[in-house]
Amino acid sequence: MSTSEGPTAPFTTLSVSHPQDSITHVEICRPEKRNAMNKAFWHEMIDCFNQIAENSECRAVVFSGAGKLFTSGIDLMGMASDILQPEGDDTARISWNLRRIISKYQETFSVIEKCPKPVIVAVHGACIGGGVDLITACDIRLCTQDAWFQVKEVDIGLAADVGTLQRLPRVIGSRSLVNELALTARKMYADEAKSCGLVSRVFPDKETMMVGALEMAGEIASRSPVAVQGTKVNLIYSRDHSVPDALNYINTWNMSMLQTQDLMKSAQAAMEKKNLKEIAFSKL
Ligand SMILES: CCC/C=C/C=C/C(=O)SCCNC(=O)CCNC(=O)[C@H](O)C(C)(C)COP(=O)(O)OP(=O)(O)OC[C@H]1O[C@@H](n2cnc3c(N)ncnc32)[C@H](O)[C@@H]1OP(=O)(O)O
């Protein structure tokens, strides 16, 4: 794992490293501002995850935050210009402009979901506002015992519009709990986050969590990338479609993907009780 030594070029808010073969670690890195999401962050995420999606060397991603906490959400100081004073000669043009801007903000987290490589997010300390939007777009959520989550948008006078209201109800089973969190902006702590299914594991501290996240990424990366990436794409598809539609989708998907050499290699390894880490799968 990288150790918060600062953002890596060409980014100013993200540090990207490769702690192991086939694994990419992305860290939001503005610790002095509690990883507040400034203007640069919103577009750097898009560039970063589009690059990861295209990088055939990468098979799994770990995302975390540098410093004291995961993120304090949108940068309240930098928010002013485009959202608070959108350009345009009249209401229609201002509105159209805002629509375009909001779409761009939404893309910041949708790229995580569109990236076929599984993304494990590791949360320590606070995860506020935009942080909840971000983690709900990730595939696996881990946190530390000191973590807390807050859908804080109503406190700053807006309805969350970059993913929380759309994805959180699909992550947490209880609609009532989602409504409560979004309407009251109350903090939810690690144990409740685990019991409601927002996170799948709670670790005693950040160090242990990062070791756990890396181990999990290693397990994923050792498997056939055809199988893993197909699984991510189809899990997301089936979340958003009926069972018959999703069965039809995977049928069409697998009519080509089942022809992979990875199937024979993996099946043979299983028969011979070999560790998948010993099997060389081609890049994807
Ligand atoms: C179309 C757009 C869609 C997106 C919507 C997103 C909405 C949201 O994200 S709503 C949530 C907004 N965030 C907040 O309300 C959190 C504000 N911050 C805090 O409550 C505290 O800072 C926090 C509990 C996170 C941490 O407290 P701590 O005592 O550890 O640190 P501080 O001394 O408060 O802060 C240290 C410096 O960081 C700056 N900072 C913290 N959060 C933000 C932020 N969100 N935006 C900008 N700057 C932030 C803080 O000002 C301090 O800076 P400095 O004084 O220069 O040292």
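The values are calculated or read from the model by the stated rules, or taken from the named source; none is laboratory data. Here the structure is a predicted model, which means the values were calculated and not measured. Every residue, glycine among them, receives a Cβ derived from its backbone with ideal geometry; neighbour counts consider all protein chains shown. What goes into the accessible areas is simple: the full protein's heavy atoms, side chains included, and nothing from ligands, DNA or RNA. Shrake-Rupley method; radii C 1.70, N 1.55, O 1.52, S 1.80 Å.
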task = At 0.36 nm per residue, minus the direct Cα-Cα distance, what do Ser256 and Trp96 gain on full extension? Give it in nm, one decimal, please.
result = 53.5 nm
inquiry  = Taking the square root of 5 times each eigenvalue of the Cα gyration tensor, what semi-axes in Å does the equivalent ellipsoid of the chain have, largest first?
reply    = 32, 22, 20
query = Give me the log10 of I(q) over I(0) for the stretch 225-272 at q = 0.17 Å⁻¹, as the Debye formula computes it from C-alpha points; what are the numbers?
reply = -0.55
Probe 1.4 Å, accessible area per residue of the stretch 14-221, Å² = 44
message = Please report the carbon-and-sulfur percent of the accessible area for the stretch 1-134; probe 1.4 Å, protein heavy atoms only, DNA, RNA and ligands left out.
response = 52
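Filter Lys117/Lys187; Lys33/Lys117; Lys114/Lys194; Lys33/Lys152 down to the pairs with a C-alpha to C-alpha distance above 20 Å, please.
On the way: Lys117/Lys187 30 Å; Lys33/Lys117 29 Å; Lys114/Lys194 25 Å; Lys33/Lys152 17 Å.
From the list (Lys117/Lys187; Lys33/Lys117; Lys114/Lys194; Lys33/Lys152), the Cα-Cα distance tops 20 Å for Lys117/Lys187; Lys33/Lys117; Lys114/Lys194.
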Proximal lysines to Lys274, defined as alpha-carbon separation beneath 22 angstrom and excluding residues fewer than eight positions away on the same chain = Lys265, Lys283
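Considering only protein heavy atoms, what per residue accessible area in square angstrom results for the stretch 225-272 with a 1.4 angstrom probe?
Values: 3200 Å² over 48 residues.
Result: 67 Å² of accessible area for each residue.
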request  = Give the angle, between 0 and 90 degrees and rounded to the nearest 10, that separates the Cα long axis of helix 225-240 from the longest principal axis of the Cα atoms of the chain.
outcome  = 50
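Arrange the peptides 151-158, 118-125, 209-216 so that the one whose residues have, on average, the most other Cβ atoms within 10 Å appears first.
Details: 151-158: 16.4, 118-125: 25.1, 209-216: 18.4.
The packing order, highest mean first, is 118-125, 209-216, 151-158.
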message = What does the extension gain come out to for Asp245 and Ala53, with contour length at 0.36 nm per residue minus their alpha carbon separation?
response = 66.6 nm
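Over the stretch 190-264, what percent of the accessible surface lies on carbon and sulfur atoms, probe 1.4 Å? Walk me through the numbers before you get to the answer.
Values: 2580 of 4280 Å².
Here it works out to 60 percent.
Highest mean first, what order results for 249-261, 63-75 on Cβ atoms within 10 Å? Could you put the intermediate results ahead of the total?
Details: 249-261: 12.8, 63-75: 23.4.
Per-residue Cβ counts within 10 Å, averaged per peptide and sorted highest first, yield 63-75, 249-261.
What translational D, rounded to a whole number of µm²/s, comes out for the stretch 102-203 from Stokes-Einstein when the hydrodynamic radius is the Kirkwood one over Cα pairs, at 20 °C and 1.002 mPa s? It would help to have the intermediate numbers written out before the result.
On the way: Rh = 13.5 Å.
It diffuses with D of about 159 µm²/s by this estimate.
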message = Need one number: convex hull volume per residue for the stretch 156-284, Cα atoms only, in Å³.
response = 176
inquiry  = Per DSSP helix of 4 or more residues, -39500 (n - 2.57); summed, then divided by the residues of the chain. What does that give at 222 nm, rounded to the nearest 500?
reply    = -14500 deg cm²/dmol
